[in-house]
Amino acid sequence: MTKLLRPLLVLFVLLLAAPAVQAQFYQTPGPTSPTSKDEVQLYQTPDGKLSGRISIPDAKLGVLVQPEGREWREFRMVWLKIIAGALILGPIAALGLFYLIRGTIRIQGGRSGRQVPRFGGMDRFAHWTTAVSFLLMALTGLILTFGRMLLIPLIGHPNFTMLAEASKYMHNFFSVPFVLGLLMIFVLWVRDNIPEKADLVWLKTLGGVLSKSGEHPEAGRFNAGQKGVFWAVVFGGFALSLTGFLLMMPFAVTGIGGMQILHVAHGVVAALMIALIIGHIYIGTIGMEGAFDAMGSGVVDENWAKDHHRRWYEEQLRNGQADPDGRLRHHAAE
Amino acid sequence: MARMKFLCDAERCIECNACVTACKNEHDIPWGINRRRVITLKDGVPGERSISMACMHCNDPPCAAVCPVDCFYQTADGVVLHSKDLCIGCGYCFYACPFGAPQYPQATNFGGRGKMDKCTFCAGGPEPDNSLEEYQKYGANRLAEGKLPLCAEMCSTRALMAGDGDVLADIYKERVVRRGYGSGAWGWTTAYRENDRGNAFGPGREGTGGS
């Protein structure tokens, strides 16, 4: 009998307590209740991110309000444009001015006509795979960042959408050759890019760029500047790839907040890399006589090698890759 | 001219999800896309409230600001719409939207998310009103037929209301005065007041997208 009574008793108590519970769990009219429409608070005070439970399978929609989107909008609309704009136009202006003052850095004593093999087929394949994919991704990324501002007024909405969509796909797909090239570059050249004592001398004189006599500090296969570019490309490229791949797989690893941060990192690192590569392209083309040959034909002029990489040149002499007579040996550099 | 808004009275929402279902049915929304959803805050603890949330059709919409292809426009009624012909599915609007309104038909396909889809306030898109193309891309255009959004029209407790913002505010205030409590119009601060930068993208301004 008691067994049957107990649940009934519990139910009775619960029913008695219900109004009290009701008052505790739900808002009820009280002394602070508004008495006229003017007193009703229509706008809530914003209280940051709000999320709750949702009964549909898409759990990420449980976020009711995410105010962080506002900061991301500020970055995308203002800061990214300032940062990327400054990091592209700044180096171009500085290098243009430098070119007007210093001009092309000539080979001392001119070209000898004798050549030393510098970069083999594999080296150049790795370099150009990375370079072409980087340039395409930089260009398509800039189209997506600045296109609305600069291109829509010129070509109109439908044409720009075609361009932007193509840019988006190219930006995504060229990441694959970029990463492959980056890995090859790392494996092929990391050995010669370990920092050493001679780099300090090179850095102190900025590679002899300011010396009137055109003296260059001694350097091995890569000088300190090139080592700087190597490590910046390795770490910057790795950061770009990581953030980029994570952005390509929304919600695989991070949610909205994470993607906002990833996009900021991707944009800032990309702008820095573009600035670096502008300098790299300058010194490899119009900035220095004979430099392009290294990545173009793969062989450099002997006098260029003596100027810029004397220690490397001497090593090549000892290894028989180059000889005093200057005849090019018919085997690969490495 | 009316300024169309949604207002969800959290004290009335019973989390029946009928607005979600009605929306899906009315617009033939594919599986995986939710233009509207009901979120329960403080689930199972004192102060629990459910709120039906979709695109709030902000005064200064972040989605429209960050869109790289400028595919958004705002109708004279203040409804924020977009052109699926211009959208490239980049996902930027989803990063910027405070309410998680933009949806994509594919989650991951090496960056291909498909064209963005979101609540249209039952107002279709840039195509001719109630044309087949409009229906296939954006769903029904009830506004053009003189009807309000279905989610709000069939809400059994009248928690979710859609229509002119001033009228909705008046109804809501009257309710609060009568019953003596209310937690405010959810999302209104974010959508219409806090980040409102004046008339940058205000109602009545001729949209650029979809032209």
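The values are calculated or read from the model by the stated rules, or taken from the named source; none is laboratory data. Since this is a predicted model, take the numbers as computed values, not measurements. Cβ placement follows ideal geometry from the backbone for every residue including glycine, while neighbour counts extend to all protein chains displayed.
Contact map, segment B:167-178: residues that are at the interface with chain A (Cβ under 7 Å from one of its Cβ atoms) paired with residues that are among the β-branched types (Val, Ile, Thr), Cβ distance under 7 Å, separation 6+ or inter-chain. Pairs shown: B:LYS173/A:VAL40; B:VAL176/A:VAL40; B:VAL177/A:THR35; B:VAL177/A:VAL40.
Could you check, for segment A:193-211, whether at least one of its residues is within 24 Å of the chain's Cα centre (by Cα) and either within 12 Å of chain B (Cβ to nearest Cβ) or among the aromatic types (Phe, Trp, Tyr) (or both)? Checked segment A:193-211: no residue is within 24 Å of the chain's Cα centre (by Cα) and either within 12 Å of chain B (Cβ to nearest Cβ) or among the aromatic types (Phe, Trp, Tyr) (or both). Among the candidates B:ARG3, B:ARG12, B:ARG35, the residue that is over 17 Å from the mean Cα position of the chain (by Cα) and more than 8 Å from every other protein chain (Cβ to nearest Cβ) is uniquely B:ARG12.
Just the residues that are without any contact (Cβ under 8 Å) to a residue 12 or more places away in the chain and surrounded by 20 or more Cβ atoms within 10 Å (Cβ to Cβ), please, taken from segment A:57-95. Hits for segment A:57-95 are A:LEU61, A:ARG73. A single entry from B:GLY182, B:GLY209 fulfils the requirement of being modelled with pLDDT under 70, in contact with a Phe, Trp or Tyr (Cβ under 9 Å, 6 or more places away or on another chain), crowded, with 16+ Cβ neighbours inside 10 Å and facing another protein chain (nearest Cβ under 8 Å): B:GLY209. Residue pairs whose Cβ atoms lie under 8 Å apart, sitting 6 or more positions apart in sequence or on different chains, and linking a residue in segment A:96-107 that is more than 15 Å from A:HIS216 (Cα to Cα) and in contact (Cβ under 8 Å) with a residue 60 or more places away in the chain to a partner that is surrounded by 15 or more Cβ atoms within 10 Å (Cβ to Cβ) and among the basic types (Lys, Arg), do not occur here. What are the residues in segment A:47-97 that are at the interface with another protein chain (Cβ under 9 Å from one of its Cβ atoms), under 27 Å from B:ARG37 (Cα atoms) and aliphatic (A, V, I, L, M), if any? A:LEU50, A:ILE54, A:ILE56, A:LEU61, A:VAL63, A:LEU64, A:VAL65, listed by residue number. At least 3 residues that are touching a Ser or Thr at 6+ places or on another chain (Cβ under 7 Å) in each: list the helices (runs of 4 or more DSSP H) lying fully within segment A:152-203 that qualify. Counting at least 3 such residues, we get A:157-173, A:175-189. Scanning segment B:69-90 for residues that are hydroxyl-bearing (Ser, Thr, Tyr) and within 21 Å of A:PHE146 (Cα to Cα), we see that the one that is farthest from the other protein chains (Cβ to nearest Cβ) is B:TYR73. Residues that are buried (at least 22 other Cβ atoms within 10 Å of the Cβ), at the interface with chain A (Cβ under 7 Å from one of its Cβ atoms), under 22 Å from B:GLU15 (Cβ atoms) and not hydroxyl-bearing (Ser, Thr, Tyr) occur at least once in segment B:91-98. Only residues that are in contact (Cβ under 8 Å) with a residue 24 or more places away in the chain and either more than 7 Å from chain A (Cβ to nearest Cβ) or farther than 16 Å from B:CYS23 by Cβ (or both) were counted in segment B:42-68, giving 18.
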